Amino acid sequence: MSAGDAQLTHSCIDLLVMVARFFPSLLSGTEEDLVNLLKEDNCSVDLILERLCLEGRRRQVKYAVHALAAIAKDDGLMSLSVLYKRLVDMLEEKTHLPAILQSLGCIAQSAMPVFETREKEVVGFITSKILECSSAADAVNGSLWDERSELCSLKIYGIKTLVKSYLPEKDAHLRLGFDNLLGILKNVLTIGEISKDIKSSDVEMAHMKLASSKAVLRLSKHWDHKIPTDIFHLTIRTSEIMYPEAKGLFLGKVHQYIKDRLLDPKYACAFVFQAANFQSLKIINTTSLKLSRCVTKQGLANFLSYVIQAHS
């Protein structure tokens, strides 16, 4: 097979993965035909998707995991169980970790019973082998926003995996151990790392704080009643991070979630802190106008009460 043919084949696989993710009914009854169409070195569709889960780009991985679940008759429990065992066994090898962490998080969302069979191993690895590691000496001196080490990226991916494990597609409220995740997020929001003993640069700590604040925003959809006031305050103060890139990304996420009705308007207090830093009411006025178009009167009342509390 020529390089061009190989690239075309992979593009077709990517397309089929997305079709299986978003329109699985279109593939119903065609698995045998797909096997014949996509055979490569005698691999079946499941094996091709599994390879993407192990070695693909993170976006590919997300689609591949959901595709495995979509094309199987048992919601993917059998195929995801086999994949999950292989993923956990591969953690210690520390190869393709971005893809593996993405796969683990997606499996947690799609098949929580499967994830829980070895959850302690996954959480233990992310905590001890990723989050508790210090950056190399040369990375600690980084100061530009794009100067993020590979380890910092892995820490962010690890946090995302832990967060996804508390956002399953079904029965999120039945998950146990949420306080442990909150403890990790609180430490990172406070000091930029899981522990004061961990060495990293200012820009990496800013990246970590941003990742944790975005994690709180995502979790609030199902767990807002469990998020304590101190973590809420730490989250909305993310807009005070000295890096403008972090401020823009965080405030953009807050605005998008509120507009889509995925976030309580109280989180708009983040705009108040940002406006206060620039001694301007323009952002507050603009935010209030946008909020008035997308939330209920009660939501606006809650927002105003939190603004008052934040300034008291």
Output the residues belonging to segment 54-95 that are modelled with pLDDT of 90 or more, touching a Lys or Arg at 6+ places or on another chain (Cβ under 8 Å) and buried (at least 16 other Cβ atoms within 10 Å of the Cβ).
54, 84, 88, 91
Is one or more of the residues making up segment 105-125 outside any helix (DSSP H, G or I), over 19 Å from residue 226 (Cβ atoms) and touching a residue at least 60 places away in the same chain (Cβ under 8 Å)?
no
How many residues of segment 236-276 are small (Gly, Ala, Ser) and over 13 Å from residue 206 (Cβ atoms)? The answer is 5
Return the residue satisfying two criteria in turn: it lies in segment 118-141 and is modelled with pLDDT under 95 and among the hydroxyl-bearing types (Ser, Thr, Tyr), and of such residues it is surrounded by the fewest Cβ atoms within 10 Å (Cβ to Cβ).
134
Residue pairs meeting the criteria (Cβ under 6 Å; at least 6 apart or on separate chains; first over 20 Å from residue 252 (Cα atoms) and touching a residue at least 60 places away in the same chain (Cβ under 8 Å), in segment 192-215; second of a type in the set (Val, Ile, Thr) and not in a helix (DSSP H, G or I)):
199/140; 201/140
Specify which of the listed residues (198, 231) is outside any helix (DSSP H, G or I), out of contact with any Cys (no Cβ under 6 Å at 6 or more places or on another chain), at pLDDT 90 or above and among the hydrophobic types (A, V, I, L, M, F, W, C).
198
Give me the pairs, please: first residue somewhere in segment 146-175 and among the aliphatic types (A, V, I, L, M), second residue anywhere and not in a helix (DSSP H, G or I), beta-carbon distance under 7 Å, and either six or more positions apart or on two chains.
151/133; 151/135; 172/166
Residues in segment 164-173: is at least one on the phi > 0 side of the Ramachandran plot and at pLDDT below 95?
yes
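The values are calculated or read from the model by the stated rules, or taken from the named source; none is laboratory data. Model, not experiment: these values are computed from the prediction. Here Cβ is always computed from backbone atoms with ideal geometry, including for glycine, and neighbour counts include all displayed protein chains.
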